[in-house]
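A.B. asks: Would you mind keeping the following structure in view while I ask a few things?
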Amino acid sequence: MRRSERKRNEPDLGILSSRTLFSLQKELFAALAEQGHPRLRPRHGAVLAYLDEEGSRATDLAARSGQHKQVIGTLVDELEELGYVERRPDPADRRAKLIVPTGRGLDQMARSEEILAAIEERHAEAAGAADYATFKRVFRLVAERQSGQAE
């Protein structure tokens, strides 16, 4: 079997992961656009997916998302301009800033959770609840091991 055939018929972890990510992002951001958030893009997920409701430091967002702090800073600038986040002094350290979701940001976060829950429910129904739970457990383990979080 040629390499290209093997890649199509037996895709590796990288291909499967990217297919999953890109199709998930496409569905999520299309649904968000329909629900009043048309200017958000998948790149904004590096901030929004990891942002705590009470706010997060840019360095924490960078660490959680795997992005450089400069990239996070650019995305925060965009999201601030779009009205999804604001920068506030960190009460624990006045020299630091927290990135805090606005009302619009909180709305997007809640809608994203609902959309993603529906997507997961659809996949669990198709695969069977037990198999989907096993898939998520194993996929989490692989993701953690790959990123060096588990040994």
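Just so you know, all these numbers are worked out from the coordinates, no wet-lab data involved. Just so it is clear, the model here is predicted, and its values are computed rather than measured. Note: ideal-geometry Cβ built from the backbone for every residue, glycine included; neighbour counts use all protein chains shown.
A.B. asks: Fully extended, how many nm does the chain gain between Glu114 and Arg41 (0.36 nm per residue separation, minus their Cα-Cα distance)?
C.D. replies: Result for the pair: 24.5 nm of gain on full extension.
A.B. asks: Just need the Rg to Rh number for the stretch 36-97, please, alpha carbons only, Kirkwood Rh.
C.D. replies: Details: Rg = 11.3 Å, Rh = 11.9 Å.
My calculation puts Rg/Rh at 0.95.
A.B. asks: Could you list which residues have their amide H under 5 Å from that of Leu98, counting only those 5 or more apart in sequence or on another chain, with H placed in the peptide plane?
C.D. replies: Hits under the 5 Å cutoff: Arg88, Asp90.
A.B. asks: By average Cβ neighbour count within 10 Å, what is the ranking of 126-133, 31-38 from highest down? Display every interim value, and only then the final one.
C.D. replies: Numbers: 126-133: 11.6, 31-38: 14.4.
The densest-packed peptide leads the list: 31-38, 126-133.
A.B. asks: Among Ser18, Ser112, rank each residue by its count of other Cβ atoms within 10 Å, from fewest to most, as a rough exposure measure.
C.D. replies: With the sparsest Cβ surroundings first, the list reads Ser18, Ser112.
A.B. asks: Would you calculate the separation in nanometres between label points at Lys69 and Asp52, each defined as 7 Å from the Cα along the Cα-to-beta-carbon direction?
C.D. replies: The two pseudo-label positions are separated by 1.8 nm.
A.B. asks: Additional query: Determine one quarter of the surface area of the Cα convex hull of the chain, which equals its mean projected area, and express it in nm² to one decimal.
C.D. replies: Over all viewing directions, the chain projects a mean Cα-hull area of 11.7 nm².
A.B. asks: The chain: longest stretch without exposed trypsin sites (Lys or Arg not before Pro) (DSSP loop, at most 14 other Cβ within 10 Å), sites themselves excluded? Kindly include the intermediate steps, with their values, before the conclusion.
C.D. replies: Details: sites that count: Arg2, Arg39.
Of all site-free stretches, the longest is 40-151.
A.B. asks: If I build a Gaussian network model for the chain, linking alpha-carbon pairs within less than 10 angstrom, which residue out of Ala118, Ala30, Ala92 has the largest mean-square fluctuation?
C.D. replies: Comparing Ala118, Ala30, Ala92 in the GNM, the peak value goes to Ala92.
A.B. asks: Select from the chain the helices, each a whole stretch of DSSP H, whose alpha-carbon atoms run 18 Å or more along the helix axis and whose Kyte-Doolittle mean is at least 1.0; answer none if there are none.
C.D. replies: Values: long enough: 13-34 (31 Å, 0.72); 69-82 (19 Å, 0.13); 103-127 (36 Å, -0.54); 129-146 (25 Å, -0.27).
What comes out of the filter, once short or polar helices are dropped, is none.
A.B. asks: Hey, another quick one. Got a sec? How would Ser147, Ser17, Ser65 order by Cβ neighbour count within 10 Å, fewest to most?
C.D. replies: Ascending number of Cβ neighbours within 10 Å: Ser147, Ser17, Ser65.
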